[in-house]
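Q: Okay, handing you the structure first.
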Amino acid sequence: MSAERSTSDPDRGGRRAGGGRRASERVAENVSPLELADYQKAVRLVLRHPLITAEYPDRAALPTVRRWSEQLRSDLMEVLGYRLVTTADTARLLRAQDHLDATRPAVTRAGRPFDRRRYAYLVLTLAALGRHGAQVALGELADAVAADAVRIDGLGLDTARKSDRDAFVDAVTWLTERGALALADGSATAWAGDPDRAEALYDIDREILTAVYQPTRVLQHLTSVTGLLDSGSALGLATGRHTQRRDQARRARRLVLENPVAYYADAEPDLLGQLRAPSLPEDLERLTGLAVERRAEGVALVDTSGRLSDIRFPGGGTVAQAALLLGARISEAARRTGRHAPDLLPAPTAAERLAARARRIDAVLPARGLLAELSAPEEETPYAAADGQGDEPQETRHPFVTDSWLRGRLKEIIGEYGKGFAADLREDPDRLLTQVLDLLAALSLVARVDGGVLALPLLARYRGVTARVKSRVPAPRSARTALFADDTVKDPTP
């Protein structure tokens, strides 16, 4: 399913707001049937990689997008309200952001999510590069970032500390992978190991740097992180009844595209009609080439290829396979009836989740200085939707399982399949459980609540999963190299 982590505008009757042809009849209208699959590939590519350069994600990506750039610009704006900006060397998709999402972090080359320090270094590096010429030495860039970081309480960058150097190099490497920096000489890894004996020299690509960071708001004017969310006005859209219907249709399509599943019970009341409209699956299927699956509980865009999703599930690795096995046990427990039936509790609403995330982020915004001087007072609290104002959908309750129950089931899974798990996670079940539940929550399979989790409807898809651990079969000496190189022998196979 799409977890990323998608042209025209039907109203609830499946018509365009201003009359005329339906959206599905206009999506890719200039693309011949023989070329439709290639066009849909370009759509998935730009949705999966909002920044595309000559080298990132690969050399074939930019020519593919540029070939269809005119049609892509039209369809992505019409269907989703996304703006595609192309130059000679870049393609940049500017998304309309409807909610705060912590499930799609920047990651290091080793696949580890950026922490707050790495994000801070990345932003400060972008700022420092704007003050340099065509080239910059890594040590010089580190000194410039350190001079800015020292003015931020709790941050700093001490190049004498290996941990700080590693975090800084992760930020630089992220930019290098996308072509904003190109290594001309030396080694960043060697510099991180010993900056007194090694150095690295980088060429700076101004065009890619500009494409990396394109804010749609003046950040100093914001009083809350919710000011970054799309309200329809960010793209200069007009207001009015027909435009509101168009924007609601776009938001509904984005909800299905950008999430593993769009639950009816979790949707805002004004989006329910658009989520149920027959034009929605037609538009998304025509645009992306993926199938839309509709059930009683909601809508999901199914990505069996894994080429659009940022999270593929089921997947390989200890966390993904433990999540699949634990999810199956949660789903079975949710089916119990009688005195062993689980309690049914309401899940946090989308507005409540937004409010909680926004409060955590807003708590670290500057309270004085330039931000306070430039900020305009808010007429209403950004958390009004979470405080009971407006229409509220009928409450839906879900089966609840406790943390202690989850720990017990994971202990059983480790006992049965632990030989196929990574040793560090097998020996630290609490850390494994945290990562497993984070993954299940990111996929909308469970909802995290105090004391446990709620089983959401999509989890039933994985009920009844069985697994076995592949055993190592003694092999001739000549074949052992191939055996040990095969990672599949290390993991349970669902």
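Q: Rounded to whole Hz and in sequence order, give me ³J(HN,Hα) for region 203-210 from the Karplus expression 6.51 cos²θ - 1.76 cosθ + 1.60, θ = phi - 60°, writing x for Gly and Pro.
A: For region 203-210, the Karplus-derived couplings read 8, 9, 9, 5, 5, 6, 4, 5 Hz, x marking Gly and Pro.
Q: By the gyration tensor of its Cα atoms, with a ≥ b ≥ c the square roots of the eigenvalues, what is the shape of region 80-139: rounded for a/c under 1.5, prolate for a/b over b/c, or oblate?
A: It comes out oblate by the Cα gyration axes.
Q: 7 Å from Cα along Cα→Cβ at both SER305 and HIS221: what's the point-to-point distance in nm?
A: Here the answer is 4.0 nm between the modelled labels.
Q: Okay, next question. Can you pull a Stokes-Einstein diffusion coefficient for region 135-192 at 25 °C (0.890 mPa s), Rh from Kirkwood over Cα pairs, as a whole number of µm²/s?
A: Calculated translational D: 207 µm²/s.
Q: Taking the highest mean first, how do the peptides 399-408, 33-42 order by number of other beta carbon atoms within 10 angstrom per residue?
A: Highest to lowest by the protection proxy: 399-408, 33-42.
Q: Rounded to the nearest 0.05, what FRET efficiency do ARG295 and ARG339 have when you use their Cβ-Cβ distance and R0 = 41 Å?
A: E between ARG295 and ARG339, to the nearest 0.05, is 0.90.
Q: What order do you get for 440-453, 96-109 when each peptide is scored by the mean count of other beta carbon atoms within 10 Å, highest first?
A: Taking the mean over residues of other Cβ atoms within 10 Å, the ranking is 440-453, 96-109.
Computed from the coordinates by the stated procedures, all read-outs in this text should not be read as laboratory data. Keep in mind that what you see is a predicted model, and the values were worked out from it rather than measured. Cβ coordinates were reconstructed from backbone atoms using ideal geometry, including for glycine residues, and neighbour counts include every protein chain displayed.
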